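Participant: Once you've had a glance at the structure underneath, I'll fire off some questions.
None of the figures in this text is laboratory data; all of them are computed from the coordinates on show. The model shown is predicted, which means the values in this text are computed figures rather than measured ones. Note: ideal-geometry Cβ built from the backbone for every residue, glycine included; neighbour counts use all protein chains shown.
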Amino acid sequence: MTRSGGFTIVELLAVMVVIGVLAAIGIPRMLSGNDSAALVHGDRVVSALRLAQKNAVARRRLVCVSASATALTLRVATEPTSQACNAAIEGIGDGDFRSSSDAVGNGGLAGAGKTLFFQPDGTISLDGAGATLVSGKVTILADGDTRRTISIEGSTGYVE
């Protein structure tokens, strides 16, 4: 008796299991592009906030972080006593802390139109004078849902 060409039921089942596992893991990862963009943007936001604080302390000047819907912009005061930030920080561009996707943005303390003021003493406030210290969260949104939460404690300068 000759054996005809084909696959056994065990081989077919093994292939179906492998395809099922790949589909269960691979397809959700391919469809969630904004989740990856949100993680990257969250890291950029943390970097921007920490960079602002380090610049404020190192330069002994006020550093302002202004938020739009999808980006953060850093500015520094030109005078030590100034309560307004009017100069770009050398080496930092306006697009350096922008989300790669319009569906990923900022919320909470860094929501659109809000500004955080990093004082020369390392504290973080909601005003240039440093009278109202920040205590709260920055949220990273993707498709309107919170994907990451970053804590800020203005009295200590803690960001994470």
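Participant: If you check T146 against the conditions, is it under 14 Å from the mean Cα position of the chain (by Cα) and surrounded by fewer than 17 Cβ atoms within 10 Å (Cβ to Cβ)?
Facilitator: In short, yes.
Participant: Tell me yes or no: at least one residue of region 48-61 is assigned to a loop (DSSP other than H, G, I, E, B) and over 20 Å from D35 (Cα atoms).
Facilitator: yes
Participant: Among G95, G128, G107, G157, which is the only one that is at positive phi and among the small types (G, A, S)?
Facilitator: G157
Participant: Residue by residue through region 54-104, note down the ones that are among the acidic types (D, E) and under 22 Å from the mean Cα position of the chain (by Cα). Quick ask: steps written out before the conclusion?
Facilitator: First, the residues of region 54-104 that are among the acidic types (D, E): 79, 90, 94, 96, 102.
E90, D94, D96, D102, listed by residue number.
Participant: In this structure, is G136 part of a strand (DSSP E or B), touching a residue at least 12 places away in the same chain (Cβ under 8 Å), buried (at least 18 other Cβ atoms within 10 Å of the Cβ) and out of contact with any helix residue (DSSP H, G or I) (no Cβ under 9 Å at 6 or more places or on another chain)?
Facilitator: For G136, the condition - part of a strand (DSSP E or B), touching a residue at least 12 places away in the same chain (Cβ under 8 Å), buried (at least 18 other Cβ atoms within 10 Å of the Cβ) and out of contact with any helix residue (DSSP H, G or I) (no Cβ under 9 Å at 6 or more places or on another chain) - is not met.
Participant: Among the residues of region 62-97, write down those that are of a type in the set (V, I, T), without any contact (Cβ under 8 Å) to a residue 24 or more places away in the chain and part of a loop (DSSP other than H, G, I, E, B).
Facilitator: Within region 62-97, T78, T81 qualify.
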